[in-house]
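The next block holds one structure in the form of C-alpha cells; read it before the comments.
The values are calculated or read from the model by the stated rules, or taken from the named source; none is laboratory data. Just so you know, these numbers come straight off a predicted model, no measurement behind them. Cβ coordinates were reconstructed from backbone atoms using ideal geometry, including for glycine residues, and neighbour counts include every protein chain displayed. Calculation scope for accessible area: heavy atoms of the full protein, side chains included, ligands and nucleic acids excluded. Shrake-Rupley method; radii C 1.70, N 1.55, O 1.52, S 1.80 Å.
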Amino acid sequence: MTPRAAATGDKAARAAEAKAAKSAETKQKLIDGALRTLVEQGIAKTSARTIAAAAGVNQALVFYHFGSVDELLAAACRQGSQERVALYREQLDKVTTLSELLAFGREMHEQERAGGHVAVLAQLLAGAQTHQPLAPATAAGLDLWIAEIEKVLVRILSASPLGEFADPVGLARAVSASFVGIELYEGVDPAGAERALAALDQLSVLASAIEDLGPIAQRAVRHRLRRSTRK
C-alpha cells in the first residue's frame with residue numbers, strides 16, 4: 001500500500017469512528033430525553049416530539065436510531081433499570097436480615113422517588129396496560145429489580161424461622177411491584193401512600209423481633225406456623 005493510500009485509509013477510518021461516536025452520542029441523548037420526559041410529563045405526553053425536545057435533537061432521529069418511540073422507550077427502560085440496580089447491588093449484598101431489607105427498601109424508595117427513577121417504571125407500567133408493545137421491556141426492567149431482591153430473600157430467609165413458610169420468588173415480585181405501585185398510588189392519595197410505607201416500617205419491627213428470638217422461641221414460632229399452614 002502506498003503512503004497516499006494508507007493516509008486515505010486512515011482518514012476514512014477516523015471518519016467512520018467519528019460518525020459512530022456521533023451516533024452513539026445522539027442515541028444516548030434520546031434515551032436520556034425519554035427518561036426525563038417520562039418523569040416530568042408522564043407516559044400520556046411522551047412522544048417523539050416531546051422526547052426530541054428534551055434531548056435537544058430533531059424528532060426524525062428517534063425513528064432513524066430506534067425505529068419507533070416504543071423501541072426507544074424499551075431501550076430507556078433497560079438502561080435506566082440496569083443503572084439503578086447496579087447502583088444498589090453492593091448494598092443489597094450486605095443485607096443479612098429481613099428487617100434490614102425492609103429498612104433498606106424504604107430508604108432506597110425515598111432516594112429513587114426523589115430522583116424520579118421510580119416514576120419511570122411506574123409510568124411505563126401504566127402505559128403498558130393499554131399499549132401492549134411497552135409490556136415486554138417494562139417487565140424486563142422490573143425483572144432486574146426482582147432478581148436482585150429474590151437473591152437477597154433466598155439468602156436471608158434460609159437463616160430465618162420464617163424461611164420454610166415464605167416463597168422468596170413470589171415475595172420478591174410482591175415487594176418490587178408494591179414499591180412501584182406506591183409511586184402511582186401517591187399521585188392520587190399521598191397520605192395513603194405514606195401510610196402504606198409506614199406499615200412496611202412496622203413489618204420491619206416485627207421481623208426484627210422474630211429474628212432476635214432465641215433458639216427455643218424460634219422453634220416455637222416454627223411449630224406454630226407449621227400448625228397454621230396445615231389447616
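Taken over region 113-135, residues that are exposed (fewer than 13 other Cβ atoms within 10 Å of the Cβ) and closer than 17 Å to Ser68 by Cβ amount to 2.
Within region 148-179, restricting attention to residues that are under 24 Å from Ala196 (Cα atoms) and touching a residue at least 60 places away in the same chain (Cβ under 8 Å), which residue is surrounded by the fewest Cβ atoms within 10 Å (Cβ to Cβ)? My answer is Phe165.
Scanning region 80-90 finds one or more residues that are of a type in the set (S, T, N, Q), surrounded by 16 or more Cβ atoms within 10 Å (Cβ to Cβ), modelled with pLDDT under 90 and within 19 Å of the chain's Cα centre (by Cα). Taking each residue of region 208-231 that is more than 19 Å from Glu100 (Cβ to Cβ) and at pLDDT below 70 and looking for partners that are part of a helix (DSSP H, G or I) and not aliphatic (A, V, I, L, M) with beta-carbon atoms closer than 7 Å, six or more apart or interchain, yields Leu225/Phe165; Thr229/Phe165. Only residues that are within 22 Å of Arg36 (Cα to Cα) and touching a residue at least 24 places away in the same chain (Cβ under 8 Å) were counted in region 132-147, giving 10.
May I ask you to verify whether Ser68 is on the phi < 0 side of the Ramachandran plot, open to solvent by less than 20 Å² (accessible area, probe 1.4 Å) and among the small types (Gly, Ala, Ser)? Taking the combined requirement at face value, the residue does not satisfy it. Of the residues examined, Ile182 is not one that is closer than 30 Å to Leu73 by Cα, of a type in the set (Val, Ile, Thr) and touching a Ser or Thr at 6+ places or on another chain (Cβ under 8 Å).
Exactly one residue out of Ala74, Ala15, Ala60, Ala6 is open to solvent by 40 Å² or more (accessible area, probe 1.4 Å) and modelled with pLDDT under 90: that is Ala15.
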